[in-house]
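Heads up: the structure comes next, in structure tokens.
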Amino acid sequence: MNSLPTADAALAAAPAPPVDGPPIDVAAERRRTTGSTLASHFNAAGAALPTHGVVAAIVEHLRLEETKGGYEAAAERRGRLDDVYASAATLIGAESTEIALFDSASTGLRVMLDALRPQRGQRIVASSSTYVSHALHLMSLAREQGIDLVIAPYDERRRVDIAALEALLSDGVPSIVTVAHVPTSSGLVEPAAQIGEVVRRYGGTYILDATQSVGHLSVDVEEIGCDILVTTGRKFLRAPRGTGFAYVRDTLQDRLLPTAPDVRGARWTSSASWELDASARRYETWEGAVAARLGLGVALDEAIARGIPSTAQWLVAAGERLRAGLAGLDGVAVADPPGTRSAIVTFVIDGVAPADAVVELARRGVRVVSVPATHGQWDLGDRGVPSVVRASPHVYNDEADLAALVDGVAAIAAGVTR
Ligand SMILES: Cc1ncc(COP(=O)(O)O)c(C=O)c1O
């Protein structure tokens, strides 16, 4: 550590609250996470570090494919592949028949939105926290199919304004409401369950993009009341890249038809007929990265075993401590909306472009990213913020990591280069 104001004092000013449930064992998490010992990795919101168990499951399956062939290897692991659905369902309070596996959240969002067949006369209400790829899809639908696209009204904390949403939906126009639980561009947490209650009252369909919240915060589809939930594997779940899953409420299954049924989810029964699988597998494709899916299964089981309430408390406390540490530095401004409580921390440094700060921190062994307004025009663009630095801890980040980040930012803000 350098001689600049240390992180310790600022971090100590915001002590972590007590944890209900088994405490997080950071030392044990680091022992099973090779990458955590090589650098201070603060990019869980991009792609978190996987554990040895996740990596072993992937490698083991690739070895099996090497010796047996891909189809034969998958057949041998059919039981474990089925367990992935059960684990995903357990994590979010769903049934395994309500789970479909995808290669990413963006694919899941696209397939599910298309399956809803939005039409002229319908309205899509999207939160200002909407992710770029989903927003581009929504805007394309609005432009090409004449669907009314409305950005959800938000309050002074940039969260969906519940009263204003209610006023909007009360006109009776059939609506799809789509919300990013936690955005890519700040630590904001949308009031997902309150939104669910309003959408249900007015008969709308509710899509929750939980890409940044599953594995990070408690996410229960019954409590939230969403009809569709989509997430990715590689972020707070610590699963491999190229994985993701969606939840579709079982009562919706018959109303939602994949626009391009695949041999995985449909049976071609005669020259002009086909039957869709009764479960959410109707949205899947035959081809997929089996090894990565098995890695996803291990990551899901590890997240469940660690305990989501404990993980969420630990992560939120780490986010708060970082925010407190950064806010205490001269020339540094935390960019998250007021009252933010999550493990995504965004900030700007006076006179330093976020992309340059990322490079400088990387030189110090601290990994963060910059998020430009082009990834969230309805949020960063709307706030007039061209770009932010984003730091997102996970349970493998120890005190030395937190201090390295705050000290590194302090040095950059003070114009100290190595
Ligand atoms: C809120 C949010 N939604 C969706 C996505 C897209 O996820 P994927 O890259 O897995 O498609 C991201 C990626 O950063 C995200 O942050």
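The values are calculated or read from the model by the stated rules, or taken from the named source; none is laboratory data. Keep in mind that what you see is a predicted model, and the values were worked out from it rather than measured. Glycine also receives a Cβ, built like all others from the backbone with ideal geometry; neighbour counts cover every protein chain displayed. Side chains are part of the model used for accessible areas, which takes the heavy atoms of the whole protein and leaves out ligands, DNA and RNA. Shrake-Rupley method; radii C 1.70, N 1.55, O 1.52, S 1.80 Å.
Against the condition closer than 16 Å to Gly46 by Cβ, of a type in the set (D, E, K, R) and at pLDDT 95 or above, how does Arg367 come out, does it pass? Yes: the conditions hold for Arg367. Within segment 392-416, the set of residues being open to solvent by 10 Å² or more (accessible area, probe 1.4 Å) and not in a helix (DSSP H, G or I) comprises Asp398, Ala414, Gly415, Val416. For segment 174-210, the set of residues classified as away from the ligand (no atom under 11 Å from the Cβ), assigned to a loop (DSSP other than H, G, I, E, B) and β-branched (Val, Ile, Thr) consists of Val189 only.
Which of the residues that make up segment 228-257 are assigned to a helix (DSSP H, G or I) and within 17 Å of Glu284 (Cα to Cα)?
From segment 228-257, those assigned to a helix (DSSP H, G or I) are 250-255; that's our starting set.
Residues satisfying the conditions are Asp250, Leu252, Gln253, Asp254, Arg255.
Got at least one residue in segment 236-249 being away from the ligand (no atom under 16 Å from the Cβ), open to solvent by 20 Å² or more (accessible area, probe 1.4 Å) and either over 22 Å from Val316 (Cβ atoms) or basic (Lys, Arg) (or both)? Yes, some residue in segment 236-249 is away from the ligand (no atom under 16 Å from the Cβ), open to solvent by 20 Å² or more (accessible area, probe 1.4 Å) and either over 22 Å from Val316 (Cβ atoms) or basic (Lys, Arg) (or both). Beta carbons closer than 6 Å, at least 6 apart along the sequence or on distinct chains, pair a first residue in segment 372-392 that is among the polar types (S, T, N, Q) with a second that is in a helix (DSSP H, G or I) for Ser387/Pro354; Ser392/Ala44; Ser392/Ala45.
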